[in-house]
Amino acid sequence: MTIEFPIAPDAPAPEPDEWSAPFWAGLTEGRIVIQVCASCDRRRFPRMPACPYCGAGGGEDVEVAGTGTVYSFVRAHRALTPASAAIVPYAVAAVDLDGGARMFGRVMPTEACAIGVRVSPVFVAHDTWTELGFQVDP
């Protein structure tokens with residue numbers, strides 16, 4: 001069962017650059033793309049020109065399932081911007097992905113978000129872009 005995510009109608013779209021474009025393109029296709037270092041095999045997000053762990057240049061894109069565990073989170077009860085008024089209250093979590101790397105995303109249901117809970121990815125379609133969200137596993 002996929003939970004319905006509220007959408008902020010005036011949410012600004014991301015502006016992909018050469019490093020983030022594969023991530024955003026993957027989301028529109030329902031895939032989560034991170035980078036893996038060819039030298040030390042560590043996985044990372046966001047994509048970068050060099051590995052922050054060993055310094056080796058480059059990296060290979062890999063797809064991960066997006067399941068993981070909430071490492072930390074914040075729950076917003078007031079709109080921080082006019083664009084977020086339609087989605088309060090909401091929770092944003094740092095999620096340690098099973099496939100490696102740590103990502104941030106909104107978590108639904110908001111009241112169920114807690115440190116240590118298991119989550120699965122949800123691809124939230126906006127008009128011109130796709131947001132990565134997470135739903136708490138039953």
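The values are calculated or read from the model by the stated rules, or taken from the named source; none is laboratory data. Since the structure is predicted, the reported quantities are computational estimates derived from the model, not experimental observations. Note that we place each Cβ from the backbone using ideal geometry, even for glycine, and neighbour counts take in every protein chain shown.
If Asp17 satisfies every condition in (1) charged (D, E, K, R); (2) in a loop (DSSP other than H, G, I, E, B); (3) closer than 25 Å to Met108 by Cα but one, which is the exception?
In the conditions (1) charged (D, E, K, R); (2) in a loop (DSSP other than H, G, I, E, B); (3) closer than 25 Å to Met108 by Cα, Asp17 misses (3) alone.
When the residues of segment 35-78 are narrowed to those that are basic (Lys, Arg) and assigned by TED's automatic domain parsing to the domain that holds Val122, which ends up nearest to Ala25 (Cα to Cα)?
Residues of segment 35-78 that are basic (Lys, Arg), as a first pass: 42-44, 47, 75, 78.
Filter once more, so that each one left must be assigned by TED's automatic domain parsing to the domain that holds Val122: 75, 78.
Numbers: Arg75: 28, Arg78: 31 Å.
My answer is Arg75.
Give the residue that is farthest from Asp98 (Cα to Cα), with candidates limited to residues of segment 109-131 that are among the hydroxyl-bearing types (Ser, Thr, Tyr) and more than 13 Å from the chain's Cα centre (by Cα).
Here the answer is Thr128.
Where the second residue is among the acidic types (Asp, Glu) and the first is exposed (fewer than 14 other Cβ atoms within 10 Å of the Cβ) and lies in segment 5-16, which pairs have Cβ atoms under 6 Å and are six or more apart or on separate chains?
Close Cβ pairs (under 6 Å, with a partner that is among the acidic types (Asp, Glu)) do not exist here.
So which of Val95, Val136 ends up being closer than 23 Å to Glu15 by Cα and either under 15 Å from the mean Cα position of the chain (by Cα) or modelled with pLDDT of 95 or more (or both)? Can you show your working first?
Details: Val136 fails: closer than 23 Å to Glu15 by Cα.
Being closer than 23 Å to Glu15 by Cα and either under 15 Å from the mean Cα position of the chain (by Cα) or modelled with pLDDT of 95 or more (or both) holds for just one of Val95, Val136, which is Val95.
Which residue, of Ala85, Ala101, Ala114, is farther than 16 Å from Phe23 by Cβ and either surrounded by 15 or more Cβ atoms within 10 Å (Cβ to Cβ) or in contact with a strand residue (DSSP E or B) (Cβ under 8 Å, 6 or more places away or on another chain) (or both)?
Details: Ala85 fails: either surrounded by 15 or more Cβ atoms within 10 Å (Cβ to Cβ) or in contact with a strand residue (DSSP E or B) (Cβ under 8 Å, 6 or more places away or on another chain) (or both); Ala101 fails: farther than 16 Å from Phe23 by Cβ.
Result of the check over Ala85, Ala101, Ala114: Ala114.
Condition first: touching a residue at least 60 places away in the same chain (Cβ under 8 Å) and exposed (fewer than 13 other Cβ atoms within 10 Å of the Cβ). Can you find one or more residues in segment 37-58 that meet it? Please lay out each step first, then the result.
Residues of segment 37-58 that are touching a residue at least 60 places away in the same chain (Cβ under 8 Å), as a first pass: none.
Checked segment 37-58: no residue is touching a residue at least 60 places away in the same chain (Cβ under 8 Å) and exposed (fewer than 13 other Cβ atoms within 10 Å of the Cβ).
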